[in-house]
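I have placed the structure first, in the form of structure tokens, so that the comments after it can refer back to it.
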Amino acid sequence: MLIPFFGMAQLNITLQNEMDDKPLAFAPMKWKIKNEGPVFYSQTDENGQLKIFTNGILPVYIWVTYLGFEPLDTAISADAILSLKPDYKYLAEAVVTDQYRATNPDKSINKVTIIDEKKMKAMAAVNVGDVLSNQLNVKLGQDNLLGSTMSLMGISGQNVKILMDGVPIIGRQNGNIDLSQININDVERIEIIEGPLSVSYGTNALAGAINIITKKKQLHKVELNTGLYYESIGRYNVTMNLGLRKTNGVYHISLGRNYFDGWSEVKHVRYQDWKPKEQYFGRFQYLRKIGLFDLNLKTEVLNEKLSNKGLPRMPYQETAFDEYYYTRRIDNSITATSKLPHNRYLNLIAAYNIYSRTKNRYLFNRVTLDKELVPDYNEQDTSTFRALVFRGTFTKSMLNSKFNYQVGYDINSETGQGKKIDGRSAVITDYATFLSMEIGNSNNFVVKPGVRLAVNTAYATIPLPSLNVKYNRSGYTIRTSYARGFRAPDLKELYLYFVDVNHNITGNPELKPEESHNIQMSVVKKFIVKNTLLQPEVALFYNKIEERIILTNIKDLSYTYQNLDFFKSFNANTTLGYKTGQVSAGIGYALNMISTENSLFSKGFTNHEVTMNMSYTLKKYGLTSSVFCKSTSAIKTFQLNETGGLNESRMEGYTWLDVTVSKSLMKEKWIVGAGVKNIMGITNLQSSGNGGGAHNISQNATQFAAGRVFFIKLDYNLTRK
């Protein structure tokens, strides 16, 4: 730091963030004494302070240009506290998942990944599965009758909590939520927290949580958006969003239809590897303030039809067996939040969600075009699941306070009915209370212990503790944590009976609950070079799960759920973010190791993963081009056989590459986009070993994608003040 000595008189300057009044450490600053003086370059210290020796000559002219904030140009003649306004093109969205209140991700004690609306649009994503396809540590799969599958850091999807505005989404098939059924129409961002969140969210959160945040802001009286989307494999989508701001509140209405013709690499007369699918969906939100409470009333509906037309039957090919699967979701929730005196916050959630899946099998006559239901009892089925959620938190959260806390309750009750439920009906209810505290002796050091106590109607539970620590020093942010996880088997794992020509899966009422121990650590540093932001990060993750529940091949193609004695995963990843006014880019590498031995990873399996993405914007021309790439090595899974031994299944690696471009017209009223997805033309991935799932196209290949796809999209935006 270059500071001349003019005399004993001095000015004391403190530079701070206008949002939270926190000091800005090591911020560059230039200044001069009077207009004719030379210009000097300095920076604030770790407390955001700077001393300028003036020799009694005033005023002092100061200029501050600091990435992430608007420029400041001022003159002072006395000690001063200067506040910088955030520049919103660099400001990250506030995160809400597992937070005391909406918080800048840099200040969150958890490591949170945000996928914002800008990136989702650049990806030309249609559903949550599309969004996560480029995410480091996330692996996606596909069963064309049950839907998509996923894993997070080597841990399968039944251990990942999927939330919509903090409310759990129900309707798992084979342990996974079908991400292709969650459309991102009218979604603002997606937040991902890796690692157990069992203290806050209970069961199904051993690997982490994915929270889908819908839009709630309304800047104009009327906001209308319509969209058309087409893919070369026969996908036709149309969406509409309407927002109205009235004196009695804000209304959001979202509607859409997704249609897919079906696709096969080898053309057949009627049978297709990728099944035709039609979705209708809608969401209604009403937001208003009543007294001390901000209310959000939301209803969301999905209707999906999936058609599985069979091959003509020998010898004359005049008939074929056709199957139709109908999925219906109705999600209702009301959220009430209030800021009370003395920085206290109250948040209440009540939700009632319904999920049903119906299967009908017909014998279709290709000559007369008649069809009749197959009389076999197991070929017609409707399974219905209902979830009732009550959740509340009371929080004390004050900026710069040495002690904050949160106490809450969480009640989740799920009911299942149908032929696939052994006994036709079953109920599991979980009652829980949780407490956490944030304790810190300065802005740079925070400790967050927490514990959850629960009662489960099906299983004895254990206290679930967690401990998070965050430390800031010299621009580095270090996070470390320990958490205990617990997951009770769900209704399907216990009581499922799913037997047809494609599947043979039964539940196991003798299952034990999963328990886990998790340790994490991450280090991140922000470097600012002129107008460029560089953000490298290194993170480590270790998870040990006892009695892990897995789908097991017990005989031929018959499957059930069993406990695996030991399962361990280790993840090391590093990422580098790059951001300027025109370019946003990131690169990441992850090493994943999994083992089923109660020892070190000497007998484990290692998987490597690389992601790259870059978006370049020419604001003058309203043009944005983006590239998204993900490459992963071979993936291995484990299965127990009928003798209790382990069988391994291995699926080859792949490289996925998308290129998109968009152009705005007429002051962003119209936006035209086009591009190519899956440029490498991936269709089926070769598999080896016993299995790969309860439903595959063959013993040696697994369906993964529908080949290279060209797309075009058109959006129209209208606002009225």
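The values are calculated or read from the model by the stated rules, or taken from the named source; none is laboratory data. Every value quoted in this text rests on a predicted model; they were computed, and no experiment measured them. A quick note on method: Cβ atoms are made from the backbone with ideal geometry, for glycine too, and the neighbour counts reach across all protein chains shown.
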ask   = If you scan the stretch 288-300, which residues turn out to be part of a strand (DSSP E or B) and not acidic (Asp, Glu)?
value = ARG288, LYS289, ILE290, PHE293, LEU295, ASN296, LEU297, LYS298, THR299
query = Within the stretch 211-245, which residues are of a type in the set (A, V, I, L, M, F, W, C) and touching a Ser or Thr at 6+ places or on another chain (Cβ under 9 Å)?
reply = ILE213, LEU219, VAL222, LEU224, LEU228, VAL238, MET240, LEU242
key: Given (1) touching an Asp or Glu at 6+ places or on another chain (Cβ under 7 Å); (2) closer than 28 Å to ARG366 by Cα, index of the condition ARG235 fails   = (1)
ask   = Among the strands (runs of 3 or more DSSP E) confined wholly to the stretch 143-242, which include 1 or more residues that are over 24 Å from ALA488 (Cβ atoms), of a type in the set (A, V, I, L, M) and more than 17 Å from the chain's Cα centre (by Cα)?
value = 222-231
task = Check the stretch 260-283 and report whether any residue there is in contact with a Pro (Cβ under 7 Å, 6 or more places away or on another chain) and at pLDDT 95 or above.
result = yes
task = List the number of the failed condition for PRO489; all other conditions in (1) assigned to a strand (DSSP E or B); (2) within 26 Å of the chain's Cα centre (by Cα) hold.
result = (1)
task = Please enumerate the residues belonging to the stretch 213-238 that are in contact with a Gly (Cβ under 8 Å, 6 or more places away or on another chain) and β-branched (Val, Ile, Thr).
result = VAL222, ILE233, VAL238
ask   = Quick one: is LEU255 surrounded by 18 or more Cβ atoms within 10 Å (Cβ to Cβ), in contact (Cβ under 8 Å) with a residue 24 or more places away in the chain and in contact with a helix residue (DSSP H, G or I) (Cβ under 9 Å, 6 or more places away or on another chain)?
value = no
ask   = Any chance the stretch 282-292 includes a residue that's assigned by TED's automatic domain parsing to the domain that holds SER436, free of Cβ contacts under 8 Å to residues at least 24 places away in the same chain, surrounded by fewer than 17 Cβ atoms within 10 Å (Cβ to Cβ) and of a type in the set (A, V, I, L, M, F, W, C)?
value = yes
task = Please identify the pairs in which a residue from the stretch 301-325 that is assigned to a loop (DSSP other than H, G, I, E, B) and hydrophobic (A, V, I, L, M, F, W, C) has its Cβ atom under 8 Å from the Cβ atom of a residue that is modelled with pLDDT of 95 or more and surrounded by fewer than 18 Cβ atoms within 10 Å (Cβ to Cβ), counting only partners at least 6 apart or on another chain.
result = none
Among residues of the stretch 376-408, those that are loosely packed, with under 15 Cβ neighbours inside 10 Å, basic (Lys, Arg) and part of a strand (DSSP E or B), counted = 0
inquiry  = Would you confirm, using the coordinates I've provided, whether ASN353 is buried (at least 17 other Cβ atoms within 10 Å of the Cβ) and assigned by TED's automatic domain parsing to the domain that holds HIS268?
reply    = yes
key: Qualifying strands (runs of 3 or more DSSP E) (wholly inside the stretch 516-597; at least 1 residues being in contact with a Leu (Cβ under 7 Å, 6 or more places away or on another chain) and at pLDDT below 90)   = 527-529, 532-555, 558-579
inquiry  = Any residue that is more than 27 Å from LEU306 (Cβ to Cβ) and surrounded by 24 or more Cβ atoms within 10 Å (Cβ to Cβ) - is there at least one of those in the stretch 164-184?
reply    = no
key: Residue list for the stretch 409-421, restricted to those being within 25 Å of the chain's Cα centre (by Cα), surrounded by fewer than 20 Cβ atoms within 10 Å (Cβ to Cβ) and not hydrophobic (A, V, I, L, M, F, W, C)   = TYR409, SER413
message = For the stretch 543-583, give me the residue count where each residue is free of Cβ contacts under 8 Å to residues at least 40 places away in the same chain and of a type in the set (S, T, N, Q).
response = 2
inquiry  = I need the full set of residues from the stretch 422-438 which are among the charged types (D, E, K, R) and surrounded by fewer than 15 Cβ atoms within 10 Å (Cβ to Cβ), in order please.
reply    = ARG424
Subset of the stretch 606-649 [modelled with pLDDT of 75 or more and polar (S, T, N, Q)] = THR606, ASN607, THR611, ASN613, SER615, THR617, THR624, SER625, SER626, SER631, THR632, SER633
query = Does at least one position in the stretch 105-114 carry a residue that is modelled with pLDDT of 85 or more, touching a Lys or Arg at 6+ places or on another chain (Cβ under 7 Å), in a strand (DSSP E or B) and under 30 Å from GLU194 (Cα atoms)?
reply = yes
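Which members of the stretch 256-281 meet the condition of being of a type outside the set (Phe, Trp, Tyr) and part of a strand (DSSP E or B)?
Initially, the stretch 256-281 is screened for residues of a type outside the set (Phe, Trp, Tyr), giving 256-258, 261-262, 264-270, 272-273, 275-279.
Correct list: GLY256, ARG257, ASN258, LYS277, GLU278, GLN279.
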inquiry  = Being farther than 21 Å from LEU511 by Cβ, buried (at least 16 other Cβ atoms within 10 Å of the Cβ) and without any contact (Cβ under 8 Å) to a residue 40 or more places away in the chain is the requirement here; does ASN468 meet it?
reply    = no
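Could you tell me whether any residue of the stretch 74-87 is hydroxyl-bearing (Ser, Thr, Tyr) and more than 30 Å from ILE13 (Cβ to Cβ)?
Taking every residue of the stretch 74-87 in turn, none turns out to be hydroxyl-bearing (Ser, Thr, Tyr) and more than 30 Å from ILE13 (Cβ to Cβ).
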message = Of the conditions (1) assigned to a strand (DSSP E or B); (2) modelled with pLDDT of 80 or more, ASN47 satisfies every one except a single condition; which number is it?
response = (1)
